[in-house]
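Worksheet for the structure shown next.
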Amino acid sequence: MIARARILLELDEASGPASDRRVVAGRVGVSEGTVYLVAKRFSESAGDVDEVIGRRRRLSPPVPAKVTGEVQAHLIALACTKPPGGYDRWSLRLLEKHVLLTDGIPPLDHSTIGRILKKGGFALI
């Protein structure tokens, strides 16, 4: 962000003619391609500096979340059931094993299961 602002300052022609792309790149410490792309983006945005130096928001995250509200509900419902035979109570590792066998829930790590239960206000006793 700072480098893009410095590039725009170097390319500003209000105080005189702008330097060559190679010179600007050397002063700012970026490649010539970066100087070209910043100048191109500035001209395409009709001179909107905030559009050039600001960060863009993604429309969606790069990786979709594994844990949705539906997954949380299934997990809490599983933790509310009676534990399997031979066990007095659910543990996080036991829940992890049963999550693998349950349809509709992606494979989750025991630490992730613990965070989900804690966030939902559920405690394994």
Item to complete: Of the numbered conditions (1) under 30 Å from the mean Cα position of the chain (by Cα); (2) not in a helix (DSSP H, G or I), Gly16 fails exactly one; give the number of that condition.
Response: (1)
Response to the item:
Counting only helices (runs of 4 or more DSSP H) wholly inside the range 21-125, the ones holding at least 3 residues that are under 29 Å from the mean Cα position of the chain (by Cα) and within 30 Å of Glu10 (Cα to Cα) are 32-44, 49-53
Item to complete: Within the range 36-88, count every residue that is surrounded by 10 or more Cβ atoms within 10 Å (Cβ to Cβ), touching a residue at least 24 places away in the same chain (Cβ under 8 Å) and farther than 22 Å from Leu101 by Cβ.
Response: 7
Discussion item. Filter the range 23-35 down to the residues that are among the hydrophobic types (A, V, I, L, M, F, W, C) and surrounded by fewer than 17 Cβ atoms within 10 Å (Cβ to Cβ) and list them by number.
Written reply: Val23
Fill in: Filter result for Ile7 (out of contact with any Pro (no Cβ under 7 Å at 6 or more places or on another chain) and either assigned by TED's automatic domain parsing to the domain that holds Gly104 or modelled with pLDDT under 85 (or both))
no
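The values are calculated or read from the model by the stated rules, or taken from the named source; none is laboratory data. No experiment lies behind these values; they were computed from the predicted model shown. Every residue, glycine among them, receives a Cβ derived from its backbone with ideal geometry; neighbour counts consider all protein chains shown.
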